[in-house]
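Notes follow the structure.
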Amino acid sequence: MSRPHILIARAIAPQVVDFLRQSCEVQDNQADIHWSQEALIAQLQGKDGLLATGIQPVDAALLAACPQLKAVANMTVGYNNFDVAALTAAGVQASNTPDVLTETTADFGFALLMATARRITEGEHFLRAGKWQEWQYHMLLGTEVHGSTLGILGMGRIGQAIARRAAKGFGMRVLYHNRSRLSEALEADCQAQYVDKESLLRQADHLVLVLPLTPENYHTIGAAELALMRPSATLINIARGGIVDEVALVQALQTGRLAAAGLDVFEGEPQIYPGLLQLPNVVLTPHIASATAATRLKMCQLAADNLLAVLQGKPALTPVNT
Ligand code: DGY
């Protein structure tokens, strides 16, 4: 049997490239060049599999131009770059990397919450700018984290991991809203209480967004939702930028409708809506919630395993279309 041909869209762990070379003809991109969609399609000619990083749109146009493609593996849990219906119609098995990044991403979500509520980056900028004169009672007062109410919108694996940290580590009251309610056992394990979306928005001292970006969730947090939140609340987004209407968010932060926001994801990333860059009460990070060496290695290994499984005639380990 001839060896499958695969394309790795961006730089990944070299050991995983070597692993794939054992059974496939591999074209890699260890120089990490950003290919245009046109260039990506050109590189994909004659390839059976694509290992993607979650930022390459895999849509009907790409699939029509690459009829040999059988498998596409994202090395991310989010797969809003996939047109799942088009992939299914084209008979291409698509996969993502759930589980392996759950705890690391939850750690980061909590770190961002802490940095935002306790004004950590603002404090550092203040100090580095030489503005710190002396200890002052009113200096950089933040919002309490322990014992406060955490709202989680989207209660998948990462939401649950954040809930456990909050309830068990910080004595927080945890409320959540999700498409479907968790089992009683899971709710008990997470010490989380299900509420409707409006109650979540009204009651949260800190609201963490952990839901996938789908057409239904686009701008699910806009001006109307922000108006329901407490003016003292913080908003943390580690999901996808398109979940939040950034124009409305900037307005809420400017007018004191919301105390602060911590954002790891942006609608037009890597471009940042300029209003966000001007605000002191926003912590901004470049989509790094899963970025530890150990977790990134697990993510690309799982993506490679998914790709190989399909190219060897087996189902993907973690498919998104079946
Ligand atoms: C994911 O896996 O979807 C993350 O956003 C990438 O770090």
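The values are calculated or read from the model by the stated rules, or taken from the named source; none is laboratory data. As the structure is a computational prediction, the values presented were derived from the model and not from experiment. Cβ sites come from the backbone with ideal geometry, for glycine too, and all protein chains shown count toward neighbours.
Quick look at the numbers
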{"read-out": "Residue tally, condition of a type in the set (Gly, Ala, Ser) and over 22 Å from residue 221 (Cα atoms), over the stretch 118-160", "value": "5"}
{"read-out": "Hits in the stretch 265-291 - residues which are of a type outside the set (A, V, I, L, M) and either within 17 Å of residue 119 (Cβ to Cβ) or more than 16 Å from the ligand (Cβ to nearest atom) (or both)", "value": "271, 273, 274, 275, 278, 280, 281, 285"}
{"read-out": "Residue satisfying all of: in the stretch 210-234; buried (at least 19 other Cβ atoms within 10 Å of the Cβ) and over 16 Å from residue 199 (Cβ atoms); farthest from the ligand (Cβ to nearest atom) among these", "value": "234"}
{"read-out": "Tally, over the stretch 246-264, of residues that are out of contact with any Ser or Thr (no Cβ under 9 Å at 6 or more places or on another chain) and in a loop (DSSP other than H, G, I, E, B)", "value": "3"}
{"read-out": "Any helices (runs of 4 or more DSSP H) falling wholly within the stretch 116-234 and containing at least 2 residues that are over 27 Å from residue 97 (Cα atoms) and among the aromatic types (Phe, Trp, Tyr)", "value": "none"}
{"read-out": "Conditions (1) touching a residue at least 40 places away in the same chain (Cβ under 8 Å); (2) crowded, with 17+ Cβ neighbours inside 10 Å; (3) within 26 Å of residue 263 (Cβ to Cβ): number failed by residue 58", "value": "(1)"}
{"read-out": "Cβ pairs under 7 Å, 6+ apart, first in the stretch 282-298 and more than 25 Å from residue 142 (Cβ to Cβ), second part of a helix (DSSP H, G or I) and modelled with pLDDT of 95 or more", "value": "290/104; 290/105; 290/296; 290/299; 292/104; 295/104"}
